[in-house]
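Every read-out reported here was derived from the displayed coordinates using simple, explicitly stated rules and does not represent laboratory data. Please read these numbers as outputs of a predicted model, since none were measured by experiment.
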């Protein structure tokens, strides 16, 4: 099947979660589909919007699906939708080959549980195989190159949530 130029493909609507613990650190998770030690294998939880789904509902659903917890509350959001384009080598392979990138609504959430409430093993096909708490300022340095600008923006937008309890 021949694909048109990248500009003809739409963006996939998506939500992202910056989950903060009581110390003001953010949860990052390692993608299960990356080899051990791969650079930029860490990311924030994110996922697609279902048809007609509200972003604030979707971000809580995505946390439950990807990291196995519902123990969170929304405490902030980036007002506009942020976009990234896939690099040329991933077009036609990533995101089902149907999208040029993603258009994302990002939320800051406060984690209300204990570390044991984060369960990557609840999904039969987990997206992540490890997780850890990180400083928000680390995000740009651990992001895959095509997501780096978004993570830089999140580090600025959500800086006020790093103060902890």
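Listing for the model above:
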item	result
Cα-derived Rg to Rh of segment 44-135, Kirkwood definition	0.98
Angle between the chain longest axis and helix 148-157 axis [Cα atoms, degrees, rounded to 10]	40 degrees
Counting DSSP beta bridges with both ends in the chain, the antiparallel % (nearest 5)	70 percent
Fluctuation leader among 108, 17, 41 - the chain, Gaussian network, Cα springs under 10 angstrom	41
Residue with peak Gaussian network fluctuation, the chain [Cα springs, cutoff 10 Å], from 48, 92, 16	92
Nearest-ten-degree value, helix 55-67 long axis tilted from longest Cα axis of the chain	80 degrees
For the chain, built as a Gaussian network whose Cα springs stay under 10 Å, the top-fluctuating residue of 53, 89, 127	89
Contact order relative to length of the chain, as percent, for alpha carbon pairs under 8 angstrom and 6 or more apart	35 percent
